[in-house]
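First up is the structure itself, then whatever we jot down about it.
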Amino acid sequence: MTCTASAPGKAILFGEHFVVHGVRAILGAINRRVVVTSSIMDEPVICIRSSLGNCRHGMDEPVRDPRLRPVDYLAKRTTSASPHVEGLCIDIHSEIPAGVGLGSSSATCVATAASLSGLSGMYNKDAICSMAIDAERTIFEDTSGADCTACTYGGLIQYGRDSGFERVPLRGDLELVISDSGVTHSTDTLVRRVAVFADEHPDAFGSMCRRESALINSVLQCLRENDLDSLGDAMRENQTYLCRLGISNDTLDEMITISDSICRGSKITGAGGGGCIIAVARGPANDAARLLGEKGLDSFAVRIDRAGLKTDIPHISP
Ligand code: PMV
C-alpha cells in the first residue's frame, strides 16, 4: 500500500526571527513543492530515499544522517501507533533548494506526515501540521511553527506563536522575486544569535519588536490595497532591522543593493546568514528575475501557492 502527498515551500515576507519572540510574521506558500510517497514494507525497516541522502535501518536504530532525523521521527511515530505496519519506505522528491530558507525541511515534514497518515486513511490538516512541527523540533527545537503552518495551509498567512494563523486575503496574484546566495544556513545557530542579541540589548530589542509589529500592521493594509510601492518600502525597512539583529553579511548586503536597484524593495527571507533574499518587482517578476540574473544573482520568480498540502486522501474533520 502506498500514499503520496505534496506540500509547497514557503517564503517569509515579514517578521522572521521576531516571530520566535512573539511578534506576528507574514508568510506565503510558494509554487515549488516537495512530493513524498510512503509505502508499507513487510519487514521491520525504515528506508528513506531523498536528494539529501538515503538510509535503511532497523526500527530500534537511530538514523545516522541528522538531516533525515525529522522523517525518521515521523516513520517511527507511525509504526509505534500502527502495530500492523512492519516497516516503511519513504521517497522524497523536492523542487525546493535545501537549507536556504525556502521551507524545504518544513514542506518535507508536512508532506511526509500527510503521506504516512494517509496510509491509515487519515487526513486531517491540523493534526498533520502539528505532527510536522513535532518532527521539525528534532532538528530545530525552538521553531515558531510558522514554516510548517504555511506549508500545510498554503496561501498568504499571518502567524503568531501564540495566536496561530489567519489567512491574509490577496487581491489577484502576488508575484515575488527570490535570489539565492547558494550559501546554506543553520536556522538554529542564527536563532540563538538573535536570542543573545535580545539578552544583551533588551531595550533595543523590545523597541525593534514594537516597530516590527507596527510594520506588519501597515503591511497588512498595503496587501489589502495591493499597494506594491509601500510593500517594497516596508521590505527595505524590515531589512534594516534584520541587519541590526546581526543576521546579514557582506554577501547578502551586496545582493540586497543589487536587488533594490531593480526592484521596489528587498530583504532577507528566513533565518539569514546565507540563504535567500526576497523582493517586490517593479513590473513582471520574471523580467526582474532575468535582469537580476544579468547582474550575477541566481534569481527566480515565485507565485503564492493557494492550495497548500495536497494528497489523494479525503480530509477528515476532527
Ligand atoms: O529556517 P528558515 O530560514 O526558514 O527560517 C525560519 C524562520 C525563523 O523565524 C528564523 C525561525 C522560526 O522558527 O520562525
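Overall, the chain carries a charge dipole of about 440 debye about its Cα centre when +1 sits on the Cβ of Lys and Arg and -1 on the Cβ of Asp and Glu, all other atoms neutral. Applying a 4.7 Å Cβ-Cβ cutoff to the chain leaves Cys3, Cys55, Cys109, Cys129, Cys148, Cys151, Cys209, Cys222, Cys243, Cys263, Cys276 as cysteine residues with no disulfide-compatible partner. Near Thr2: Cβ cut-off under 12 Å, other residues only, Lys/Arg at +1 and Asp/Glu at -1. The net charge is -2.
Using a probe of 1.4 angstrom, how much of the accessible area of the range 204-318 is carbon and sulfur, in percent? Present the calculation step by step, with values, prior to reporting the outcome.
Values: 2430 of 5070 Å².
Carbon and sulfur together cover 48 percent of it.
For the chain, the membrane-span-like helix rule (DSSP H, alpha carbon extent of at least 24 Å along the helix axis, mean Kyte-Doolittle at least -1.0) picks out 202-225, 228-245; this says nothing about an actual membrane.
Using a probe of 1.4 angstrom and keeping all protein chains present, the accessible surface of the chain works out to 42 square angstrom per residue. The chain gives an Rg/Rh value of 0.98, both radii derived from C-alpha positions and Rh following Kirkwood. Extension gain for the segment Asp287 to Asp250, taken as residue separation times 0.36 nm less the Cα-Cα distance, is 10.8 nm to one decimal. Dipole magnitude for the range 35-115: about 260 debye, using +1 per Lys or Arg Cβ and -1 per Asp or Glu Cβ, origin at the Cα centre. For the range 1-149, the normalised intensity computed at q = 0.09, 0.19, 0.22 Å⁻¹ comes to -0.26, -1.10, -1.43 (log10 of I(q)/I(0), Debye sum over alpha carbons, equal scatterers, no solvent). Among Ala150, Ala29, Ala195, determine the one that fluctuates most according to a GNM of the chain built with springs between C-alpha atoms less than 10 Å apart. Judging by the Gaussian network model, the answer is Ala195. Think of the range 191-238 as a dipole: +1 on every Lys or Arg Cβ, -1 on every Asp or Glu Cβ, centred on the Cα centre; then among Val219, Phe197, Gly232, Phe197 lies furthest on the positive end.
Considering only Ser104, Ile92, Pro169, the residue lying farthest towards the positive end of the dipole of the range 73-214 is Pro169, judged by Cα position with unit charges set on Cβ. Each other residue within a Cβ distance under 11 Å of Gly15 adds +1 if Lys or Arg and -1 if Asp or Glu, for a net charge of +1.
What ranking of Asp162, Asp260, Asp72 comes out by heavy-atom accessible area, probe 1.4 Å, highest first?
Final ranking, largest accessible area leading: Asp162, Asp260, Asp72.
Over all directions, the projected convex hull of the C-alpha atoms in the range 158-286 averages 8.3 nm² in area. In straight Cα distance, which lysines are under 17 Å from Lys76, not counting same-chain residues fewer than 8 positions off? Answer for Lys76, where 17 Å is the Cα cut-off: none of the lysines qualify.
Taking the alpha-carbon centroid of each part, what is the distance from the range 64-81 to the range 140-172 in angstrom? Value for the Cα centre distance between the two parts: 24 Å. In straight-distance terms, cross-link reach from Lys125 covers every one of the lysines whose alpha-carbon lies under 16 Å from its own, apart from those fewer than eight places away in the same chain; here that gives Lys310.
Please tell me the relative contact order of the range 172-318 in percent, rounded to the nearest whole number, where contacts are Cα pairs under 8 Å and at least six residues apart.
Result for the range 172-318 is 37 percent.
Listed by chain and number, the aspartates and glutamates whose C-alpha is less than 14 Å from the C-alpha of Lys267, apart from same-chain residues fewer than 8 away, are Glu16, Asp180, Glu212, Asp233, Glu237, Asp250, Asp253, Glu254.
For the range 59-195, give the percent of accessible area contributed by carbon and sulfur heavy atoms, probe 1.4 Å, rounded to a whole number. Write out the running numbers ahead of the final one.
Numbers: 2790 of 5690 Å².
C and S atoms contribute 49 percent here.
The charge dipole of the range 107-239, taken about its Cα centre with unit charges on the Cβ of Lys, Arg, Asp and Glu (plus for the first two, minus for the last two), comes to roughly 240 debye.
The values are calculated or read from the model by the stated rules, or taken from the named source; none is laboratory data. Note that the structure is a prediction, hence the values are computed from the model and not measured. Please note: Cβ atoms are built from the backbone with ideal geometry, for glycine as well, and neighbour counts cover all protein chains shown. We work out accessible area using only protein heavy atoms, side chains counted, and drop any ligands, DNA or RNA first. Shrake-Rupley method; radii C 1.70, N 1.55, O 1.52, S 1.80 Å.
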